[in-house]
Structures are given as structure tokens and as C-alpha cells.
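As C-alpha cells, the structure follows; a few thoughts come after it.
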Amino acid sequence: MTATNRQLILKSRPKGLLAPGDLQLTESPLPELKGGQALAKVKYLSMDPTMRVWMVVDTYFPAVAIGDVMRAFGFAEIIESRHPDYKKGDRVTGFTGLQEYAIIDDSVKRQFQKVPKIPFVSDTVFLGVLGINGLTAFFGMEIPQAKKGETLVVSAAAGATGSIAGQIGKIQGCRVVGIAGSDEKCSWLTKDLGFDAAINYKLSNWKEKLAAATPSGIDINFENVGGDIMHTVLDRMNLFGRVVLCGLISGYTKGDPGLESFGTVLVKRLRVQGFIVIDFASRFMEAATQLGQWKMFGKLKDRETIVEGLEKAPDAINMLFTGGNIGKLIVKV
Ligand SMILES: NC(=O)c1ccc[n+]([C@@H]2O[C@H](COP(=O)([O-])OP(=O)(O)OC[C@H]3O[C@@H](n4cnc5c(N)ncnc54)[C@H](OP(=O)(O)O)[C@@H]3O)[C@@H](O)[C@H]2O)c1
């Protein structure tokens, strides 16, 4: 057994993007495994924008304490067990933290889920399309009760959650328009994923392009970004439209929720619903089965951006805010 564990510890609460030293790489000896514990080797770590939020404020989870291993969701394999429910070779997803090894005992067991070995299915899908992002898109797209022919606009559309939400919108019969930060991303959305249109919000005329792509207005907004993008989308919404408030990433590094549009919500009589995917934990298996079937039958396509090395995790977190990823961003430990 390896004697040391490399971990990324939260040293200071970032202001803006993560600065060198906000997360500090440390090595500590792996403790001897006690009865009732299992040792998991972390193989992949999910990079999630909310990690940046967990570094600074209490939300649905308390903020990570200074000096603690940074909270993160990961995929791991049990390599040694003195816990009756785990055996060597079991594969789990859960809150491993940004580290090479995690110890699972009854105090944290609830936060871990065993995952099956499925032929021809990569381990990383359990962090993306069959993991948090697929589930978020699935439950988020239940909220508006989309009707065939309605227009859905998804922001951060080429990311892990947005790309799945948009494809679910297509399965539900919507006209789907994505908003993303590069021509390459937009081309992936329309050519590979079947979006009806995709708008690069970094072009100066993107608002005109959005208007041209939504000739009948917008009925549903799956919102991942907030700020000016959300404001512009809400301006084009039809009366009584529905807004699925999934995330507000444009505000996460500014400490500003980026909600400037409540006048529009009122005037257009919009229905806005926020949600957090963990609210639906009791239905995760049902959703993962459906997502898996769609993936198997080619109705859902996914893509991953993989960064190698635990020490690269701070840079990877920043990539989420600079748009460096297409699809699911994962660190291979
Ligand atoms: N409610 C829930 O339970 C739940 C669960 C998971 C995720 N979320 C939310 O879902 C959203 C997407 O998360 P994800 O994990 O799927 O990440 P992601 O979309 O794979 O990555 C984030 C993307 O956001 C875009 N972005 C970043 N800053 C932006 C800005 N200022 N303006 C416009 N676009 C910006 C970037 O793409 P571009 O190149 O297009 O800019 C980036 O690639 C986040 O808001 C996250 O908090 C919510």
C-alpha cells in the first residue's frame, strides 16, 4: 500500500479566479486502515463550478473550512477494505475530495454510491452524462413541462450540463438554441448534437443572432450563466414562459449572483424555478437508467475534456470560468 496521500488543501478563500496557493498540494501519511473502514483510490475527479462557491460561502453545503481537503466529487476504486459493505475492486462515486485516496466509513458512507462495471462504458461517464450533470439536466428539464414545438434556449450550452439539457429538449420536441463561448463549441452543438441553432456570445452581434434564431420568441430558458446573457434571453421570452434556474456561473468569481432581470420576470409573468440536483436523490437510479438508454440508442452524445494530474486541479477549476472545457471537465488523478 502507498504510504502517502497527496491532497489539495484549501489555504485561502479565492477572490476572482483561483490564485496560486489558494489550494495547496500537501503530502500526508496514509493512516493504518481501522475496522469499519475502506480505502478508495481516487481515479477521476469531477470539476464543478460550484466548487468555487464552496470555497467561499455556505450554501446547501457549508463552505469548506480553511485547512480542510477541498470538497470534490470523484470516481474511486476500493483497494483495501475492513468494512463489511465494501470489497476490493468495488467502484464508487461520491465526495472523495481533491486527493489521491479517500477513506470510507459509516460516517461518510451515505455520500458514496457503488457503480456497476458496464461493458464498453467508460468510468468517466459516471461523473458526466450518467452522473451529476446528466441528472441535473434530466431533472431540470422536467420542470418546464416542455411542449412539442416550443423554443428552448440553453446557456453554457457546450458544457457538461447544458449540452445534455439541450439534447433532452430535442428529445422532448423543442426547437433548441444554445449559447456558448466559441465557434468551435457552437459547431459541435449544431453539427453533432442536433441543436437547431447555436450563438457565440463573444461575437459583437450575438444579440441580433439570438433574435434571428428565435423568431417565435423563447418559451423556456435553461439558465446556467446569469448576468447579461440571462438578461438578454429573458428579454426575448414569451409571456408566461418558464425559466429553469440551474446555475449563475457568471457571478461565481465575482460574489454577485448576476440576477438583474427581475423587472422582466414580472412584466412577462415568467415562472422561475431554481433547483438543486440533490433534491432528487431518491430518483437518481430512474434518471440514470433513462439517460443510459438514450446514450445507448445514440439520442444523447457526450464529450469530455480530461486534464491529467491532481496538481492541475486548481487550473482545471479556473478553466470552467474561462471556457476552456467542451463537455464534462474531469481531472485524471
Ligand atoms: N442546480 C444544480 O443542481 C446544478 C448541478 C450542476 C451544475 N449546476 C450549474 O450548471 C452550470 C454549468 O455547470 P457545469 O458543471 O455543466 O459546467 P460546464 O458548463 O461544463 O462549464 C462551465 C461553462 O460555463 C461557461 N461560462 C463560464 N463563465 C461564463 C460567463 N461569465 N459567461 C458565459 N458563460 C460562462 C463556459 O463556457 P463558454 O465557453 O460557453 O463561456 C464554461 O465552459 C453552472 O452554473 C453550475 O453551477 C447546477
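The values are calculated or read from the model by the stated rules, or taken from the named source; none is laboratory data. Everything quoted here is computed from the prediction, not taken from an experiment. Note that we place each Cβ from the backbone using ideal geometry, even for glycine, and neighbour counts take in every protein chain shown. The protein model used for the area step is the full one, side chains on, heavy atoms only, and it has no ligands, DNA or RNA in it. Shrake-Rupley method; radii C 1.70, N 1.55, O 1.52, S 1.80 Å.
For the stretch 56-144, the relative contact order works out to 22 percent when only alpha carbon pairs closer than 8 Å and six or more residues apart are counted. What pairs from LYS88/LYS295; LYS15/LYS202; LYS148/LYS328; LYS88/LYS117; LYS170/LYS301 go past 20 Å between their alpha carbons? Violating the 20 Å Cα-Cα cut-off are LYS88/LYS295; LYS15/LYS202; LYS148/LYS328. A straight chain from ARG271 to ILE306 at 0.36 nm per residue would run longer than the Cα-Cα distance by 8.9 nm. Considering helices alone, the calculated mean residue ellipticity of the chain at 222 nm is -6500 deg cm²/dmol, with DSSP H runs of length four and up weighted by -39500 (n - 2.57) and normalised per residue. Test of the criteria: in the stretch 154-241, which trypsin sites (Lys or Arg not before Pro) are in a DSSP loop and have at most 12 other Cβ atoms within 10 angstrom of their Cβ? Loop-located and lightly packed - LYS202. Computing FRET efficiency as 1/(1 + (r/R0)^6) for LYS254 and TRP206, where r is the C-beta to C-beta distance and R0 is 22 Å, gives about 0.60. Where both bridge residues fall in the chain, DSSP classifies roughly 55% of the beta bridges as antiparallel. Accessible area per residue was computed with a 1.4 Å probe on protein heavy atoms; PHE280 scores about 50 Å². With the gyration tensor restricted to C-alpha atoms of the stretch 238-300, the semi-axes of the equivalent ellipsoid amount to 30, 17, 12 Å, longest first. Seen from GLY67, the other residues with C-beta closer than 15 Å to its C-beta sum to a net charge of +1, counting Lys and Arg as +1 and Asp and Glu as -1.
For the stretch 107-122, 3J(HN,Hα) computed residue by residue from phi via the Karplus equation (6.51, -1.76, 1.60; θ = phi - 60°) reads 5, 10, 4, 4, 7, 10, 10, 6, 10, x, 8, 10, x, 6, 10, 6 Hz, glycine and proline entered as x. Distance between the C-alpha centers of the stretch 263-320 and the stretch 137-211? Whole Å please. If you average the Cα positions of each part, the centres end up 13 Å apart. Summarising the label geometry, the points placed 7 Å from Cα in the beta-carbon direction at SER12 and ASP235 lie 3.9 nm from one another. With contacts taken as Cα pairs under 8 Å and at least 6 residues apart, the chain reaches a relative contact order of 17 percent.
In sequence order, the stretch 172-183 has phi-based couplings of 7, x, 7, 7, 10, 10, x, 10, 8, x, 7, 5 Hz under the Karplus curve 6.51 cos²θ - 1.76 cosθ + 1.60, θ = phi - 60°, and Gly or Pro positions carry x. Of the chymotrypsin sites (Phe, Trp or Tyr not before Pro) found in the stretch 4-67, the ones in coil according to DSSP and having at most 16 other Cβ atoms within 10 Å of their Cβ are TYR60. A Gaussian network model of the chain, with springs between Cα atoms under 10 Å, assigns the largest mean-square fluctuation among ASP58, ASP302, ASP228 to ASP58. Hey, with R₀ at 25 Å, roughly what FRET efficiency would THR190 and LYS117 work out to, going by the Cβ-Cβ distance, to 0.05? Rounded to the nearest 0.05, the efficiency is 0.10. The amide H of LEU17, built 1.01 Å from its N in the peptide plane, has no neighbour under 5 Å, considering only residues 5 or more places off or on other chains. Mean sequence separation of contacting Cα pairs (under 8 Å, at least six apart), scaled by the length of the stretch 132-278, corresponds to a relative contact order of 22 percent. Across the protein chains, with a 1.4 Å probe defining accessible surface, the residues MET285, MET237 rank MET285, MET237 from largest area downward. Looking at the stretch 1-45, the trypsin sites (Lys or Arg not before Pro) that sit in a DSSP loop and have at most 12 other Cβ atoms within 10 Å of their own Cβ are LYS15, LYS34. For the chain, the gyration tensor built on C-alpha atoms gives a prolate shape. Its axis ratio a/c (a ≥ b ≥ c) is at least 1.5, and a/b is the larger of a/b and b/c.
Each residue of the stretch 157-163 is assigned a 3J(HN,Hα), and the resulting list reads 6, 9, x, 4, 7, x, 5 Hz, derived from the Karplus form 6.51 cos²θ - 1.76 cosθ + 1.60 (θ = phi - 60°), x at Gly and Pro.
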